[in-house]
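See structure below.
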Amino acid sequence: MSPPAAVSPPQQVASLATPAPKLAGSKGGSKTQTIDDMIGQWDSFKFAPIRESQVSRAMTRRYFKDLDTYAESDIVIIGAGSCGLSAAYVLGKQRPDLKIAIIEASVSPGGGAWLGGQLFSAMIMRKPADAFLREVGVPYEDEGNYVVVKHAALFTSTIMSKVLQLPNVKLFNATCVEDLITRPSDEGVRISGVVTNWTLVAMHHDDQSCMDPNTINAPLVISTTGHDGPMGAFSVKRLVSMQRIEKLGGMRGLDMNTAEEAIVKGTREIVPGLIVGGMELSEVDGANRMGTSPHLQLSASATNETPGPTFGAMVLSGLKAAEEALNVFDLRSKQNAL
Ligand code: AHZ
């Protein structure tokens, strides 16, 4: 694939009359309008009529069908940050035969990838992670050893739009994973799905009793819930309380060069059925976080260091998580152990 053009001044929109793609399933036989048809016609403008219950049913029917469809998923991804979205993109695109559910605690998916370091706009990726940007179609400026996306939100919105259009991927946002489903196995225990709840409900377990959760069965879970925090590092902390791992290594101080390779190379199946990627992995392995120290940021232009946190490890960890997931999934399918 040829590289997308480097960031250039915005181009003038040629014409407002570009025909919109016709939405699948559009009904009623009415003429599909262009926005040019509306310009200057506001006095006679009218929306198509609707009854409130139609809106309600249009949403709920689809949502409950999705809950039904994905109650048995092939792969569940916990967390829709840069790592989880990258894994979902690769898996969903490569394997249209698999049902992939993404569970995201926040209303707004994207995790820490809406801004770069210290809430600045640009997103930095060290080479060779620029290959992922070309794959997804995100333009960047080439700075030699690293590339710069002019706004982190451009990466996040682009990958999200690609992931959400995949017919075999469903994002359940405002929904959190409250626990992992386990099964006895030769190795002691294997993870075989997730326990979910509305995030707002999960946040109120202390002031309401017994608000039971829901479940999704899946032979494989990829956890990318980020480093420790109110919601982060969820699965690996649960593995400790389940006594599946003795203790967490704990995320270490900041060292970009060490951190990025450690996260990518370490992305793996931690216990049977659970692959961990992204910054959640730093809590298992005691890996460093990424991003230069203030001192290095000040001298960045002189040393050609990449300033601020970098995201290359997150997308390549997502790529590796997807690769590991397919290997495990195909192996288990052959062993008929799903
Ligand atoms: O809302 C969380 C975020 O969108 C979501 N999440 C966390 N716990 C969850 C749970 N159920 C469902 N129990 C949950 N969702 O997981 C997402 C994690 O995104 P992230 O951007 O924090 O993690 P990442 O590993 O994809 O990217 C990390 C990027 C880096 S590096 C870094 C540093 O070096 O300090 N800091 C960040 C944010």
Amide H contacts under 5 Å for residue 110, placed H, 5+ residues apart: 80, 81
Just how large is the dipole of the range 131-259 about the Cα centre, in debye to the nearest 20, putting +1 at every Lys and Arg Cβ and -1 at every Asp and Glu Cβ? 240
Along the range 260-266, what does the Karplus equation 6.51 cos²θ - 1.76 cosθ + 1.60 (θ = phi - 60°) give for ³J(HN,Hα), rounded to whole Hz, x for Gly and Pro? 5, 5, 4, 5, 5, 5, x
Go through the range 55-61 residue by residue and turn each phi into a ³J(HN,Hα) via Karplus (6.51, -1.76, 1.60, θ = phi - 60°); whole Hz please, and just put x for glycine and proline. 5, 4, 5, 4, 7, 5, 4
Modelled FRET efficiency - R0 45 Å, residue 333 with residue 43, Cβ distances, 0.05 increments: 0.15
Measuring from its Cα centre, the range 20-162 shows a charge dipole (+1 at each Lys and Arg Cβ, -1 at each Asp and Glu Cβ) which, in debye to the nearest 20, is 460
If the limit is 21 Å between Cα atoms, which of 65/170; 99/334; 170/265; 170/237; 65/99 go over it? 170/265; 170/237
More than 20 Å apart: what percent of Cα pairs in the range 79-166 qualify? 34
Taking all pairs of distinct alpha-carbon atoms in the range 119-276, Kirkwood radius in angstrom: 18.4
Would you work out the charge dipole size for the range 68-119 about its Cα centre, treating the Cβ of every Lys and Arg as +1 and the Cβ of every Asp and Glu as -1, and quote it to the nearest 20 debye? 220
Which of the GluC sites (Glu not before Pro) across the range 158-257 are loop residues per DSSP, with 14 or fewer other Cβ within 10 Å? 187, 246
List every residue whose amide H lies under 5 Å from the amide H of residue 185, counting only residues 5 or more places away in sequence or on a different chain, with H placed 1.01 Å from N in the peptide plane. 190
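All of the numbers you see were taken from the coordinates with simple rules; none came from a lab. Keep in mind that what you see is a predicted model, and the values were worked out from it rather than measured. Because the Cβ atoms are built from the backbone with ideal geometry, glycine has one as well, and the counts that use them run over all protein chains shown.
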